[in-house]
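Please read the structure below before turning to the comments.
Quick note: the coordinates plus some simple rules give every number you see, no bench work behind them. What you see is a predicted model; the values in this text were computed from it and never measured. We place every Cβ from the backbone using ideal geometry, glycine too, and count neighbours over all the protein chains shown.
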Amino acid sequence: MSETRGTQPGHWLALESPGSGDSSGCRIESVGVKLPSGTLTTRNLMDRTSHRTGIQLERLTGIHERHVVGPGETSLTLAVGAARDCLAHSQHQPADIEMLISTSITRSKGTSWQSFEPPLSLYLKQAIGATRAVNFDISNACAGMLTGVFVLQDFITRGEIGCGMVVSGEYISHLSRNAAKQIRSLYSKQLASLTLGDAGAAVIVERAPGGGPGIDVIGFTTLAEHSRLCLAFPSTVGPGAQMYTKSRTLQKAAIADMAPLVAEVIGEAGIDLADIDYLIPHQTSARAIHQATQEFARRLGARPKHVVVNLEEYGNTSSTTLFVALHKYLEERRIRKGDRVMLLAIASGIEIGIALFTVDDQVERYGHAH
Amino acid sequence: MGTRIDAASALALAGPGHRKPTARRLADAAARTCLERSGREAGDIDMLINAGVYREDNIGEPALAALIQQDIGANLGQRPVGGHGTFSFDLMNGTCGVLSAIRVEAGFLRSGVIRLGAIVTSDVDPELAGPGTAPFRPVGGAMLLDWDDSLAGFTDFGAETFPEYEDLFASGLIWREHHGPRAPGRAAGRNQMVIDEKPGYQARLVDCAVEATHRFLRRLEMGMDEVDLLVPAPSSPGFVDALRLRLGVPGDRVAYVTEDLEGAYTTGPIAALQAATKSGRLGEARNTLMLAAGAGVTVVLALYRQTPP
């Protein structure tokens, strides 16, 4: 196995891709998405609450509607659909996938709303025919998919594998359904549950051919002093889970700590925040994203050219948000070859992950539906 | 140059005073013992992976690893920039989770991204539906991995799945509605764990483990007689003896877990390693083969060489 460059800039566990001309850099080769068949507007959701809450959720969060599962759809079916869509946009065959990581928080399959064993990744690789892939599951809240990409990047950069896939299927709207039965006011710790929507997403990561562009820097850290600000457990009011979040404290802590971490990463990459064409943050609420962007501008003295917000149509699709947004912008041909994109994962833990990459010719395989 | 096992610890008690063994307390206690054995500080840990599966509260998020990181005090309360950080997450692969986590951390050690990796595990009764108890004992474990320039360390990994047997063992949470009149504020039902093991599972585990081991050693052009120590995860009662007999390994070249840790689940490989360390056999072995088999059927193997690189 080849020795490669690893760095520990400050608080981060970070991997830098080898410089141009080295063939062992990594790139995101393909992204796939599976949206469930149903939709639920915020107005309809709030009409279903057991108590008169007076919460103006759409105004607070910017979420107009979200996709929700229909009969027969589960975390596994969404994950399989996303993996197939990812392969349809890829130059790879299922047999090329050497490692498959499932990163769903929710793992519903059949009659079980949360499957524990065997791992979901086993069913996934069978369903898509990636039979030679080494598989395991990672659980890291809403940062799961980017954590999977981080792990794959290490395996690929060292030359242990050439190609891997990260998949997540989130049927998570049961948290909204359960919260709607109990929530009474704006100050409820279950408020964040009302923002959730269902989706599946998948991404193929491969060795960048011929020193071409790809992932420049990817890094993670866990600010565990805040690990108890958001907790989810099985529910007692209905099938599925309930989540309790100290939203304001979490948002405040995340924003305060994120700005210097972002500065560190762009410093490592030798660029300025203004050089980022698209910043895709975890989608929680439009207001929180706006505040974070303001804070970045205040502390770093610059803004990315575009900040992606797709909450209006999807809500917060938990571990899949970054790749649902990336897929949408690729399909709409807004992101172009050569654009520099920053993915910013924020999750309970508090987990903070950042990936900075330059878009390659994969954009040419998107947008034909439009 | 390779990944070295720095320390391993497995235990069935959650700390002083025999507190109720929750998944977190068991993992916390094992991690603290492991750090003490190695003479390291919690803040030295760069990556913390939790590979345990069954918890008393079936918490879904955050990753249990983040809660354990906070409990043991690994890099808390510092401003993010300029300090030393820890990255924590959960990896789930049933009884094979520890070996999968070793593979991940050995990679990050090789690439120089981390200098010290920790793996923690624990399983407790996850509130089973119906009568009976969980088919494992509440046990927690922890191990530390670092980089050693004078050692080959973990050199090779193998993983195989046998999906034709995927239905032989399955577990998951199922909603059970309460029936009868319901008082205001009373729970409507409960989400309870169902663990379904079908007849023949134990025998297939041994079959698959033997088949995968032969293929793994063939790939490495090694014979079983070159394996000085076999460290099998005791996936079930009788698994280790059946496996060693089929592989033709004498009993004195097998690491058995101690009696107080029999029935360990995801902690199995760590419990076996602890026994081998205490008996001195791990220190003497040049080639150690670690093996775990579990639901899927999944078999994961790792070769650990205490020879020069």
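For this structure, a couple of remarks:
- Kyte-Doolittle mean at least -0.5, axial Cα span of 24 Å or more - DSSP H helices of chain B: B:201-219
- Cβ crowding within 10 Å, taken as a proxy for footprinting-reagent exposure, orders A:Glu58, B:Glu41 from fewest neighbours to most as B:Glu41, A:Glu58.
- Taking a Cβ cut-off of under 13 Å around B:Tyr54, the surrounding Lys, Arg, Asp and Glu residues balance to a net charge of -4, with basic ones at +1 and acidic ones at -1.
- For the protein assembly as shown, DSSP calls about 75 percent of its internal beta bridges antiparallel.
- Going from the residue with the fewest nearby Cβ atoms within 10 Å to the one with the most, A:Thr222, A:Thr195, B:Thr277, A:Thr249 rank A:Thr249, B:Thr277, A:Thr195, A:Thr222.
- Rounded to the nearest 20, the size of the Cβ-charge dipole of chain A about its Cα centre is 1520 debye, with Lys and Arg at +1 and Asp and Glu at -1.
- Under Karplus coefficients 6.51, -1.76 and 1.60, residue-wise ³J(HN,Hα) of the range A:56-64 in Hz, glycine/proline x: 9, 5, 5, 5, 6, 10, x, 8, 8
- Computed over the range B:2-149, relative contact order equals 39 percent, with contacts defined as Cα pairs under 8 Å that lie 6+ residues apart.
- Based on Cα contacts under 8 Å between residues 6+ apart, the range A:13-365 shows a relative contact order of 25 percent.
- Three-way shape call for the range A:193-270 based on the alpha-carbon gyration tensor, with the a/c threshold at 1.5: oblate
- Kirkwood hydrodynamic radius over Cα pairs of the protein assembly as shown, then Stokes diffusion coefficient at 4 °C and 1.567 mPa s, in µm²/s: 52
- Net +/- balance of residues flanking A:Ile97 in space, Cβ distance below 15 Å, scoring K and R +1, D and E -1: -2
- Take each residue of peptide A:234-242, count the partner chain Cβ atoms within 10 Å of its Cβ, and average: the result is 6.
- Pairs of alpha carbons in chain B separated by more than 35 Å make up 20% of all such pairs.
- Net charge of the neighbourhood of B:Phe169, taken over other residues with C-beta under 10 Å away and scored Lys/Arg +1, Asp/Glu -1, is -3.
- Percentage relative contact order, chain B, counting C-alpha pairs under 8 Å, at least six apart: 25
- For the range B:202-309: rounded, prolate or oblate by the Cα gyration tensor [a/c cutoff 1.5]: oblate
- Per the Cα gyration tensor, the range B:2-149 maps to an equivalent ellipsoid with semi-axes of 26, 16, 15 Å, ordered largest to smallest.
- The ranking of A:Lys252, B:Lys198 from fewest to most other beta carbons within 10 Å of each one's beta carbon is B:Lys198, A:Lys252.
- The mean count of C-beta atoms from other chains within 10 Å of the C-beta of residues in B:163-175, rounded to a whole number, is 5.
- Cross-link partners of B:Lys198 among aspartates and glutamates (Cα-Cα below 15 Å; sequence separation of 8 or more within a chain): A:Glu117, B:Glu164, B:Glu166, B:Asp167
- In this structure, the pairs whose alpha-carbon distance is over 22 Å, taken from A:Lys246/A:Lys305; A:Lys189/A:Lys252; A:Lys34/A:Lys189; A:Lys34/A:Lys109; A:Lys252/A:Lys305, are A:Lys246/A:Lys305; A:Lys34/A:Lys189; A:Lys252/A:Lys305.
- For the range A:270-284, Karplus couplings with θ = phi - 60° (6.51, -1.76, 1.60), whole Hz, Gly/Pro x: x, 10, 10, 4, 5, 7, 7, 6, 9, 9, 10, x, 4, 8, 10
- Per residue, the convex hull spanned by the Cα atoms of chain A amounts to 127 cubic angstrom.
- Peptide B:100-108 - average C-beta neighbours from other chains (10 Å radius): 4
- Scanning chain A for long hydrophobic helices, with DSSP H runs required to stretch 27 angstrom or more by C-alpha along their axis and to average at least 0.0 on the Kyte-Doolittle scale, returns A:247-269.
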